[in-house]
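Visitor: Questions regarding the structure given below will be posed in turn.
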Amino acid sequence: MTRTCRPNCIIPPHLLEKLLRSDDSEVHKAALATLLTTASLRGERTVRATFAGAAAPGNGRRTVFDCQHGRMLSLAETARSEDGPPSADESVNRAFDGLGATRDFYHDVFSRDSIDDQGMRLDGYVHFSSHYNNAFWDGRQMVFGDGDGKIFTDFTSSVDVIGHELTHGVTENTAGLAYHNQSGALNESVSDVFGSLVKQWSKKQSVDEADWLIGPEVFTPGIEADALRSMKAPGQAYDNPLFGKDPQPDHMSKYVNLPDSDNGDFGGVHINSGIPNRAFYLTATGIGGFAWESPGLIWYESLKASSAETQFQDFADTTYQKAEELFGAGSPEQLAVLTAWQGVGVQISGIPTGVARARSLAAGRNGPDGLDGRDGRDGLVGREDGLAALSKQIGALSVQVTGLAKDVTALKAGR
(Lines give C-alpha, C1' and ligand atoms only; values in the text may rest on other atoms or scores of the structure.)
Protein backbone atom coordinates (compact mmCIF):
# COMPACT_ATOMS: atom_id res chain seq x y z
CA MET A 1 0.00 0.00 0.00
CA THR A 2 1.24 3.53 -0.74
CA ARG A 3 0.46 6.91 0.67
CA THR A 4 1.34 10.46 -0.39
CA CYS A 5 4.25 11.82 1.65
CA ARG A 6 4.31 15.40 2.85
CA PRO A 7 6.01 15.56 6.22
CA ASN A 8 4.82 18.13 8.75
CA CYS A 9 7.95 19.20 10.64
CA ILE A 10 8.16 20.69 14.12
CA ILE A 11 11.14 22.97 13.32
CA PRO A 12 10.15 25.81 10.99
CA PRO A 13 12.43 26.50 8.02
CA HIS A 14 13.30 30.03 9.15
CA LEU A 15 15.18 28.64 12.18
CA LEU A 16 17.20 26.20 10.07
CA GLU A 17 17.97 28.94 7.56
CA LYS A 18 19.38 31.05 10.40
CA LEU A 19 21.68 28.16 11.31
CA LEU A 20 22.96 27.99 7.73
CA ARG A 21 24.64 31.33 8.40
CA SER A 22 26.37 30.07 11.55
CA ASP A 23 30.17 30.42 11.75
CA ASP A 24 30.28 27.01 13.42
CA SER A 25 30.91 24.53 10.59
CA GLU A 26 29.23 21.65 12.45
CA VAL A 27 26.07 23.66 13.07
CA HIS A 28 26.07 24.82 9.46
CA LYS A 29 26.48 21.27 8.14
CA ALA A 30 23.74 19.87 10.37
CA ALA A 31 21.30 22.60 9.28
CA LEU A 32 22.11 22.07 5.61
CA ALA A 33 21.76 18.29 5.90
CA THR A 34 18.41 18.69 7.69
CA LEU A 35 17.04 21.06 5.05
CA LEU A 36 18.21 18.82 2.20
CA THR A 37 16.80 15.68 3.81
CA THR A 38 13.46 17.35 4.52
CA ALA A 39 13.29 18.69 0.95
CA SER A 40 13.98 15.24 -0.46
CA LEU A 41 11.25 13.75 1.74
CA ARG A 42 8.78 16.33 0.44
CA GLY A 43 9.82 15.48 -3.11
CA GLU A 44 9.21 11.77 -2.75
CA ARG A 45 5.94 10.76 -4.35
CA THR A 46 5.09 7.90 -2.03
CA VAL A 47 6.13 6.07 1.08
CA ARG A 48 5.70 2.31 1.20
CA ALA A 49 4.34 0.54 4.25
CA THR A 50 7.12 -0.71 6.48
CA PHE A 51 5.49 -4.08 6.75
CA ALA A 52 2.26 -5.78 5.66
CA GLY A 53 -0.80 -4.40 7.40
CA ALA A 54 0.95 -1.27 8.69
CA ALA A 55 -2.03 0.92 7.88
CA ALA A 56 -4.63 -1.55 9.16
CA PRO A 57 -6.57 -0.74 12.34
CA GLY A 58 -4.64 -1.94 15.39
CA ASN A 59 -6.40 -0.52 18.47
CA GLY A 60 -3.78 2.21 18.60
CA ARG A 61 -0.99 -0.31 19.23
CA ARG A 62 2.45 1.24 19.47
CA THR A 63 5.69 0.09 17.88
CA VAL A 64 8.96 2.03 18.01
CA PHE A 65 11.71 1.34 15.49
CA ASP A 66 15.41 2.26 15.56
CA CYS A 67 16.70 3.76 12.29
CA GLN A 68 20.29 3.51 13.56
CA HIS A 69 20.99 6.88 11.90
CA GLY A 70 19.83 5.66 8.51
CA ARG A 71 17.13 7.24 6.35
CA MET A 72 15.42 4.09 5.08
CA LEU A 73 12.49 3.44 7.39
CA SER A 74 12.01 0.00 5.88
CA LEU A 75 15.43 -1.01 7.25
CA ALA A 76 14.74 0.14 10.81
CA GLU A 77 14.72 -2.51 13.52
CA THR A 78 11.92 -3.04 16.03
CA ALA A 79 13.04 -1.55 19.36
CA ARG A 80 9.87 -1.78 21.46
CA SER A 81 6.36 -3.09 20.89
CA GLU A 82 3.09 -2.79 22.80
CA ASP A 83 3.61 -6.10 24.55
CA GLY A 84 7.39 -5.88 24.93
CA PRO A 85 9.53 -4.72 27.86
CA PRO A 86 11.07 -1.23 28.12
CA SER A 87 14.18 -0.62 26.03
CA ALA A 88 17.65 0.19 27.29
CA ASP A 89 17.48 3.16 24.88
CA GLU A 90 15.75 6.12 26.53
CA SER A 91 14.89 7.68 23.16
CA VAL A 92 12.87 4.56 22.37
CA ASN A 93 11.06 4.71 25.72
CA ARG A 94 10.31 8.43 25.47
CA ALA A 95 8.87 7.98 21.98
CA PHE A 96 6.82 4.99 23.15
CA ASP A 97 5.47 6.90 26.16
CA GLY A 98 4.72 10.01 24.09
CA LEU A 99 2.78 8.00 21.53
CA GLY A 100 0.81 6.42 24.35
CA ALA A 101 0.14 9.73 26.12
CA THR A 102 -1.25 11.24 22.91
CA ARG A 103 -3.35 8.17 22.10
CA ASP A 104 -4.76 8.03 25.65
CA PHE A 105 -5.45 11.76 25.70
CA TYR A 106 -7.60 11.60 22.58
CA HIS A 107 -9.34 8.44 23.81
CA ASP A 108 -10.04 9.55 27.37
CA VAL A 109 -10.89 13.19 26.67
CA PHE A 110 -12.65 13.01 23.29
CA SER A 111 -13.48 9.28 22.96
CA ARG A 112 -11.38 9.20 19.79
CA ASP A 113 -10.04 5.80 18.73
CA SER A 114 -6.45 6.68 17.81
CA ILE A 115 -5.40 9.22 15.19
CA ASP A 116 -7.93 8.27 12.52
CA ASP A 117 -10.71 7.34 14.99
CA GLN A 118 -10.50 3.81 13.61
CA GLY A 119 -7.78 2.35 15.79
CA MET A 120 -4.81 3.36 13.63
CA ARG A 121 -1.61 1.80 14.90
CA LEU A 122 1.06 4.21 16.06
CA ASP A 123 4.55 3.71 14.66
CA GLY A 124 7.52 5.81 15.73
CA TYR A 125 11.06 5.90 14.34
CA VAL A 126 13.96 7.17 16.43
CA HIS A 127 17.59 7.98 15.56
CA PHE A 128 16.59 9.03 12.06
CA SER A 129 19.51 10.13 9.87
CA SER A 130 22.60 11.80 11.36
CA HIS A 131 22.39 15.02 13.40
CA TYR A 132 18.87 15.49 12.04
CA ASN A 133 17.42 18.67 13.54
CA ASN A 134 13.73 17.87 13.23
CA ALA A 135 10.83 15.55 13.94
CA PHE A 136 7.93 14.97 11.60
CA TRP A 137 4.67 13.18 10.85
CA ASP A 138 4.52 11.93 7.26
CA GLY A 139 0.91 10.81 7.11
CA ARG A 140 1.64 7.34 8.46
CA GLN A 141 4.27 7.48 11.16
CA MET A 142 6.21 9.70 13.54
CA VAL A 143 9.94 10.19 12.89
CA PHE A 144 12.46 11.67 15.33
CA GLY A 145 15.91 13.10 14.77
CA ASP A 146 18.56 13.20 17.50
CA GLY A 147 19.46 16.85 16.96
CA ASP A 148 22.98 18.11 16.39
CA GLY A 149 23.83 18.17 20.10
CA LYS A 150 24.85 21.84 19.97
CA ILE A 151 21.61 23.64 19.16
CA PHE A 152 18.96 20.93 19.29
CA THR A 153 18.65 17.87 21.48
CA ASP A 154 16.84 14.56 20.98
CA PHE A 155 13.35 15.35 19.67
CA THR A 156 11.75 12.62 21.75
CA SER A 157 12.38 14.84 24.80
CA SER A 158 9.21 16.95 24.48
CA VAL A 159 5.86 15.19 24.84
CA ASP A 160 4.14 18.27 23.39
CA VAL A 161 6.23 17.84 20.22
CA ILE A 162 4.93 14.27 19.91
CA GLY A 163 1.37 15.42 20.57
CA HIS A 164 1.83 18.21 18.04
CA GLU A 165 3.00 15.91 15.26
CA LEU A 166 0.38 13.22 15.85
CA THR A 167 -2.32 15.90 15.84
CA HIS A 168 -1.39 16.61 12.22
CA GLY A 169 -2.75 13.11 11.65
CA VAL A 170 -5.96 13.98 13.49
CA THR A 171 -6.33 17.10 11.34
CA GLU A 172 -5.76 15.05 8.17
CA ASN A 173 -8.59 12.75 9.23
CA THR A 174 -11.02 15.53 10.19
CA ALA A 175 -10.88 19.00 8.59
CA GLY A 176 -7.97 18.24 6.26
CA LEU A 177 -6.76 21.83 6.62
CA ALA A 178 -4.74 22.72 3.50
CA TYR A 179 -1.11 23.36 4.40
CA HIS A 180 -0.72 26.93 3.19
CA ASN A 181 -1.57 30.49 4.22
CA GLN A 182 -4.29 30.84 6.88
CA SER A 183 -5.60 27.28 6.66
CA GLY A 184 -2.01 26.04 7.04
CA ALA A 185 -1.41 28.35 10.00
CA LEU A 186 -4.59 26.94 11.56
CA ASN A 187 -3.22 23.45 10.87
CA GLU A 188 -0.04 24.31 12.78
CA SER A 189 -1.97 26.07 15.54
CA VAL A 190 -4.30 23.12 16.09
CA SER A 191 -1.23 20.91 16.49
CA ASP A 192 0.27 23.35 18.99
CA VAL A 193 -3.01 23.54 20.91
CA PHE A 194 -3.47 19.81 21.28
CA GLY A 195 0.24 19.17 21.71
CA SER A 196 0.14 21.51 24.69
CA LEU A 197 -3.06 19.88 25.96
CA VAL A 198 -1.44 16.42 25.82
CA LYS A 199 1.33 17.77 28.06
CA GLN A 200 -1.09 19.54 30.41
CA TRP A 201 -3.36 16.48 30.64
CA SER A 202 -0.41 14.15 31.29
CA LYS A 203 0.81 16.39 34.11
CA LYS A 204 -2.72 17.30 35.32
CA GLN A 205 -1.86 21.00 35.07
CA SER A 206 -4.42 23.79 35.29
CA VAL A 207 -4.31 26.73 32.89
CA ASP A 208 -2.40 28.69 35.53
CA GLU A 209 0.17 25.92 36.09
CA ALA A 210 0.86 25.23 32.40
CA ASP A 211 3.88 26.82 30.72
CA TRP A 212 2.10 27.24 27.33
CA LEU A 213 5.40 26.60 25.57
CA ILE A 214 5.93 24.31 22.58
CA GLY A 215 9.12 22.24 22.66
CA PRO A 216 10.91 23.79 25.66
CA GLU A 217 13.17 20.73 25.87
CA VAL A 218 14.38 20.65 22.25
CA PHE A 219 17.09 23.30 22.69
CA THR A 220 20.34 22.37 24.42
CA PRO A 221 21.09 24.13 27.75
CA GLY A 222 23.60 26.32 25.93
CA ILE A 223 20.92 28.04 23.83
CA GLU A 224 19.15 31.11 25.16
CA ALA A 225 15.56 30.29 24.25
CA ASP A 226 12.48 29.30 26.20
CA ALA A 227 11.00 27.12 23.46
CA LEU A 228 10.13 26.96 19.78
CA ARG A 229 6.90 28.91 20.34
CA SER A 230 4.92 30.50 23.14
CA MET A 231 1.13 30.28 23.01
CA LYS A 232 0.83 32.74 25.89
CA ALA A 233 3.14 35.30 24.30
CA PRO A 234 3.70 34.69 20.56
CA GLY A 235 6.81 36.58 19.47
CA GLN A 236 8.56 36.14 22.83
CA ALA A 237 9.74 32.52 22.81
CA TYR A 238 13.30 33.59 22.01
CA ASP A 239 15.43 36.60 21.20
CA ASN A 240 19.12 35.85 20.73
CA PRO A 241 21.96 36.50 18.26
CA LEU A 242 21.69 32.99 16.80
CA PHE A 243 18.01 33.02 15.81
CA GLY A 244 17.09 36.66 16.14
CA LYS A 245 13.68 37.52 17.56
CA ASP A 246 10.74 35.14 17.49
CA PRO A 247 8.72 36.33 14.43
CA GLN A 248 5.30 35.09 15.52
CA PRO A 249 2.55 37.74 15.60
CA ASP A 250 -0.03 37.83 18.40
CA HIS A 251 -2.62 39.97 16.56
CA MET A 252 -4.08 40.23 13.05
CA SER A 253 -2.61 43.71 12.71
CA LYS A 254 0.81 42.01 12.67
CA TYR A 255 -0.08 39.22 10.22
CA VAL A 256 3.00 38.28 8.14
CA ASN A 257 2.49 37.89 4.38
CA LEU A 258 4.98 35.40 2.93
CA PRO A 259 5.11 33.50 -0.40
CA ASP A 260 3.16 30.26 -0.62
CA SER A 261 6.33 28.26 -1.27
CA ASP A 262 8.90 26.09 0.52
CA ASN A 263 11.10 29.11 1.19
CA GLY A 264 8.12 31.13 2.36
CA ASP A 265 7.02 28.40 4.79
CA PHE A 266 3.91 27.99 2.61
CA GLY A 267 2.70 31.46 3.50
CA GLY A 268 4.19 31.52 7.00
CA VAL A 269 2.26 28.61 8.52
CA HIS A 270 4.68 28.29 11.46
CA ILE A 271 4.66 32.07 11.98
CA ASN A 272 1.04 33.22 11.69
CA SER A 273 -0.10 30.28 13.82
CA GLY A 274 0.74 32.56 16.73
CA ILE A 275 -2.54 34.42 16.24
CA PRO A 276 -4.95 31.48 16.76
CA ASN A 277 -2.54 30.09 19.39
CA ARG A 278 -2.99 33.25 21.42
CA ALA A 279 -6.78 33.05 20.91
CA PHE A 280 -6.84 29.58 22.44
CA TYR A 281 -4.67 30.66 25.36
CA LEU A 282 -6.99 33.61 26.05
CA THR A 283 -10.04 31.35 25.82
CA ALA A 284 -8.53 28.81 28.21
CA THR A 285 -7.40 31.36 30.79
CA GLY A 286 -10.72 33.19 30.41
CA ILE A 287 -12.59 30.03 31.38
CA GLY A 288 -10.07 28.70 33.91
CA GLY A 289 -9.60 25.21 35.30
CA PHE A 290 -8.25 22.54 32.96
CA ALA A 291 -7.77 23.61 29.35
CA TRP A 292 -8.53 20.18 27.89
CA GLU A 293 -12.08 20.34 29.25
CA SER A 294 -14.29 23.18 27.93
CA PRO A 295 -11.76 25.01 25.69
CA GLY A 296 -10.31 21.78 24.30
CA LEU A 297 -13.77 20.41 23.53
CA ILE A 298 -14.77 23.63 21.75
CA TRP A 299 -11.62 23.54 19.60
CA TYR A 300 -11.96 19.80 18.89
CA GLU A 301 -15.57 20.07 17.77
CA SER A 302 -14.67 23.13 15.70
CA LEU A 303 -11.86 21.22 14.01
CA LYS A 304 -14.28 18.45 13.06
CA ALA A 305 -16.70 21.04 11.67
CA SER A 306 -14.02 22.76 9.55
CA SER A 307 -12.89 22.08 5.97
CA ALA A 308 -9.71 22.26 3.89
CA GLU A 309 -9.69 26.02 3.21
CA THR A 310 -11.07 27.23 6.55
CA GLN A 311 -9.67 30.68 7.37
CA PHE A 312 -9.11 32.37 10.74
CA GLN A 313 -12.47 34.15 10.52
CA ASP A 314 -14.29 30.91 9.68
CA PHE A 315 -12.68 29.06 12.57
CA ALA A 316 -13.38 31.87 15.03
CA ASP A 317 -17.05 31.87 14.03
CA THR A 318 -17.20 28.09 14.41
CA THR A 319 -15.68 28.15 17.90
CA TYR A 320 -18.26 30.74 18.92
CA GLN A 321 -21.10 28.63 17.54
CA LYS A 322 -19.76 25.44 19.11
CA ALA A 323 -19.41 27.18 22.47
CA GLU A 324 -23.11 28.03 22.28
CA GLU A 325 -24.11 24.52 21.22
CA LEU A 326 -22.07 22.94 24.00
CA PHE A 327 -22.54 25.39 26.86
CA GLY A 328 -25.38 27.75 25.92
CA ALA A 329 -25.85 31.21 24.47
CA GLY A 330 -24.19 33.88 26.60
CA SER A 331 -22.43 31.25 28.71
CA PRO A 332 -19.06 32.06 30.31
CA GLU A 333 -17.49 29.71 27.77
CA GLN A 334 -19.01 31.53 24.79
CA LEU A 335 -18.11 34.94 26.20
CA ALA A 336 -14.53 33.75 26.76
CA VAL A 337 -14.33 32.66 23.11
CA LEU A 338 -15.69 36.02 21.94
CA THR A 339 -13.28 37.97 24.14
CA ALA A 340 -10.31 35.85 23.04
CA TRP A 341 -10.83 36.33 19.32
CA GLN A 342 -11.42 40.04 19.85
CA GLY A 343 -8.11 40.08 21.71
CA VAL A 344 -6.27 38.92 18.58
CA GLY A 345 -8.15 41.20 16.18
CA VAL A 346 -10.76 38.77 14.82
CA GLN A 347 -14.38 39.87 15.22
CA ILE A 348 -17.04 37.18 15.35
CA SER A 349 -19.33 37.47 12.30
CA GLY A 350 -22.84 38.68 13.01
CA ILE A 351 -21.96 40.26 16.36
CA PRO A 352 -22.04 44.08 16.11
CA THR A 353 -18.81 45.60 17.39
CA GLY A 354 -20.60 47.52 20.17
CA VAL A 355 -22.42 44.46 21.41
CA ALA A 356 -19.26 42.38 21.21
CA ARG A 357 -17.39 44.99 23.21
CA ALA A 358 -20.11 45.07 25.88
CA ARG A 359 -20.08 41.31 26.19
CA SER A 360 -16.31 41.16 26.43
CA LEU A 361 -16.25 43.92 29.06
CA ALA A 362 -18.76 41.94 31.09
CA ALA A 363 -16.55 38.89 30.76
CA GLY A 364 -13.45 40.89 31.66
CA ARG A 365 -14.88 41.92 35.03
CA ASN A 366 -14.38 38.35 36.24
CA GLY A 367 -10.61 38.26 35.79
CA PRO A 368 -7.58 39.76 34.03
CA ASP A 369 -7.98 37.57 30.94
CA GLY A 370 -11.75 37.08 31.04
CA LEU A 371 -14.19 34.80 32.88
CA ASP A 372 -12.53 32.59 35.44
CA GLY A 373 -15.46 30.23 35.85
CA ARG A 374 -14.43 29.53 39.44
CA ASP A 375 -16.47 31.97 41.55
CA GLY A 376 -20.20 31.61 41.15
CA ARG A 377 -20.97 35.01 42.75
CA ASP A 378 -18.42 36.87 40.62
CA GLY A 379 -19.75 35.14 37.52
CA LEU A 380 -23.32 36.11 38.41
CA VAL A 381 -22.40 39.74 38.98
CA GLY A 382 -20.50 39.76 35.69
CA ARG A 383 -23.49 38.34 33.85
CA GLU A 384 -25.85 40.88 35.43
CA ASP A 385 -23.52 43.74 34.49
CA GLY A 386 -23.19 42.24 31.03
CA LEU A 387 -26.95 42.04 30.59
CA ALA A 388 -27.33 45.66 31.66
CA ALA A 389 -24.69 46.74 29.16
CA LEU A 390 -26.28 44.62 26.46
CA SER A 391 -29.70 46.14 27.17
CA LYS A 392 -28.25 49.61 26.65
CA GLN A 393 -26.57 48.55 23.41
CA ILE A 394 -29.73 46.89 22.12
CA GLY A 395 -31.78 49.94 23.09
CA ALA A 396 -29.40 52.20 21.19
CA LEU A 397 -29.54 49.93 18.15
CA SER A 398 -33.34 49.92 18.30
CA VAL A 399 -33.42 53.73 18.25
CA GLN A 400 -31.12 53.71 15.21
CA VAL A 401 -33.28 51.16 13.41
CA THR A 402 -36.45 53.15 14.19
CA GLY A 403 -34.83 56.30 12.87
CA LEU A 404 -33.77 54.57 9.66
CA ALA A 405 -37.29 53.21 9.18
CA LYS A 406 -38.74 56.73 9.45
CA ASP A 407 -36.19 58.02 6.95
CA VAL A 408 -37.10 55.28 4.49
CA THR A 409 -40.81 56.04 4.89
CA ALA A 410 -40.19 59.73 4.31
CA LEU A 411 -38.18 58.99 1.16
CA LYS A 412 -40.95 56.80 -0.23
CA ALA A 413 -43.56 59.47 0.49
CA GLY A 414 -41.51 62.09 -1.33
CA ARG A 415 -41.34 60.10 -4.60
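The values are calculated or read from the model by the stated rules, or taken from the named source; none is laboratory data. Computed from a prediction, not measured in an experiment: that's the story for all the values here. Positions of Cβ are backbone-derived with ideal geometry, glycine not excepted, and every protein chain shown enters the neighbour counts.
Visitor: In the range 115-138, which residue that is closer than 16 Å to Ser40 by Cα and within 22 Å of the chain's Cα centre (by Cα) is modelled with the lowest pLDDT?
Guide: Top of the filtered list is Asp138.
Visitor: Out of the residues in the range 229-274 that are within 19 Å of the chain's Cα centre (by Cα) and of a type in the set (Ser, Thr, Tyr), state the one that is farthest from Ile11 (Cα to Cα).
Guide: Tyr255
Visitor: Would you pick out the residues in the range 52-78 that are at pLDDT 50 or above, surrounded by fewer than 17 Cβ atoms within 10 Å (Cβ to Cβ) and small (Gly, Ala, Ser)?
Guide: Quick first cut of the range 52-78, residues at pLDDT 50 or above only: 56-78.
So of that shortlist, the ones also surrounded by fewer than 17 Cβ atoms within 10 Å (Cβ to Cβ) come out as 56-57, 59, 68-72, 74-75, 77-78.
Once the filter is applied, which keeps residues that are at pLDDT 50 or above, surrounded by fewer than 17 Cβ atoms within 10 Å (Cβ to Cβ) and small (Gly, Ala, Ser), the range 52-78 yields Ala56, Gly70, Ser74.
Visitor: Based on what the data block shows, is Leu297 among the hydrophobic types (A, V, I, L, M, F, W, C), over 12 Å from Leu186 (Cβ atoms), in contact with a helix residue (DSSP H, G or I) (Cβ under 8 Å, 6 or more places away or on another chain) and modelled with pLDDT of 95 or more? Spell out the reasoning first.
Guide: Details: among the hydrophobic types (A, V, I, L, M, F, W, C): yes; over 12 Å from Leu186 (Cβ atoms): yes; in contact with a helix residue (DSSP H, G or I) (Cβ under 8 Å, 6 or more places away or on another chain): yes; modelled with pLDDT of 95 or more: yes.
For Leu297, the condition - among the hydrophobic types (A, V, I, L, M, F, W, C), over 12 Å from Leu186 (Cβ atoms), in contact with a helix residue (DSSP H, G or I) (Cβ under 8 Å, 6 or more places away or on another chain) and modelled with pLDDT of 95 or more - is met.
Visitor: Please count how many residues of the range 205-236 are outside any strand (DSSP E or B), in contact (Cβ under 8 Å) with a residue 24 or more places away in the chain and out of contact with any helix residue (DSSP H, G or I) (no Cβ under 9 Å at 6 or more places or on another chain).
Guide: 3
Visitor: With part of a helix (DSSP H, G or I), in contact (Cβ under 8 Å) with a residue 12 or more places away in the chain and among the hydroxyl-bearing types (Ser, Thr, Tyr) as the only criterion, which of Thr63, Thr78, Thr102 stands out? Before the answer, list the steps.
Guide: On the way: Thr63 fails: part of a helix (DSSP H, G or I); Thr78 fails: part of a helix (DSSP H, G or I).
Going through Thr63, Thr78, Thr102 in turn, just one is part of a helix (DSSP H, G or I), in contact (Cβ under 8 Å) with a residue 12 or more places away in the chain and among the hydroxyl-bearing types (Ser, Thr, Tyr): Thr102.
Visitor: Taking into account only those residues within the range 1-51 that are hydroxyl-bearing (Ser, Thr, Tyr) and touching a strand residue (DSSP E or B) at 6+ places or on another chain (Cβ under 8 Å), which is modelled with the highest pLDDT? Walk me through it before giving the result.
Guide: Our first condition is that a residue be hydroxyl-bearing (Ser, Thr, Tyr); within the range 1-51, this holds for 2, 4, 22, 25, 34, 37-38, 40, 46, 50.
Adding the requirement that they be touching a strand residue (DSSP E or B) at 6+ places or on another chain (Cβ under 8 Å) leaves 2, 4, 38, 46, 50.
Working: Thr2: 33, Thr4: 38, Thr38: 82, Thr46: 37, Thr50: 37.
Out of the qualifying residues, it is Thr38.
Visitor: Scan the range 277-300 residue by residue and report those that are touching a Phe, Trp or Tyr at 6+ places or on another chain (Cβ under 9 Å) and surrounded by fewer than 22 Cβ atoms within 10 Å (Cβ to Cβ).
Guide: Phe290, Leu297 - these are the residues of the range 277-300 that are touching a Phe, Trp or Tyr at 6+ places or on another chain (Cβ under 9 Å) and surrounded by fewer than 22 Cβ atoms within 10 Å (Cβ to Cβ).
Visitor: Now a separate question. Which one of these is modelled with pLDDT of 95 or more, assigned to a helix (DSSP H, G or I) and surrounded by fewer than 19 Cβ atoms within 10 Å (Cβ to Cβ): Glu333, Glu325? Explain how you work it out, then say what you get.
Guide: On the way: Glu333 fails: surrounded by fewer than 19 Cβ atoms within 10 Å (Cβ to Cβ).
Testing whether each residue is modelled with pLDDT of 95 or more, assigned to a helix (DSSP H, G or I) and surrounded by fewer than 19 Cβ atoms within 10 Å (Cβ to Cβ) leaves just Glu325.
Visitor: Looking at the range 174-200, which of its residues are among the polar types (S, T, N, Q) and in contact with a helix residue (DSSP H, G or I) (Cβ under 7 Å, 6 or more places away or on another chain)?
Guide: Of the residues in the range 174-200, the ones among the polar types (S, T, N, Q) are 174, 181-183, 187, 189, 191, 196, 200.
Across the range 174-200, the qualifying residues are Thr174, Asn181, Gln182, Asn187, Ser189, Ser191, Ser196.
Residue-by-condition table, conditions (1) out of contact with any Ser or Thr (no Cβ under 8 Å at 6 or more places or on another chain); (2) at pLDDT below 95; (3) surrounded by fewer than 24 Cβ atoms within 10 Å (Cβ to Cβ):
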site	(1), (2), (3)
Asp160	no, no, no
His164	no, no, no
His168	no, no, no
Glu172	yes, no, yes
Gly176	no, no, yes
His180	yes, no, yes
Val190	no, no, no
Phe194	no, no, no
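Visitor: How about the range 261-311: which of its residues are outside any helix (DSSP H, G or I) and within 16 Å of Val346 (Cβ to Cβ)? Outline the logic, then answer.
Guide: The initial filter retains those residues of the range 261-311 that are outside any helix (DSSP H, G or I), namely 261-264, 273, 288-293, 305-311.
The answer is Ser273, Ser306, Thr310, Gln311.
Visitor: Here's a follow-up. What number goes with the only condition from (1) surrounded by 18 or more Cβ atoms within 10 Å (Cβ to Cβ); (2) under 15 Å from the mean Cα position of the chain (by Cα); (3) farther than 23 Å from Ala31 by Cα; (4) not aromatic (Phe, Trp, Tyr) that Asp211 does not pass?
Guide: Here Asp211 clears every test but (1).
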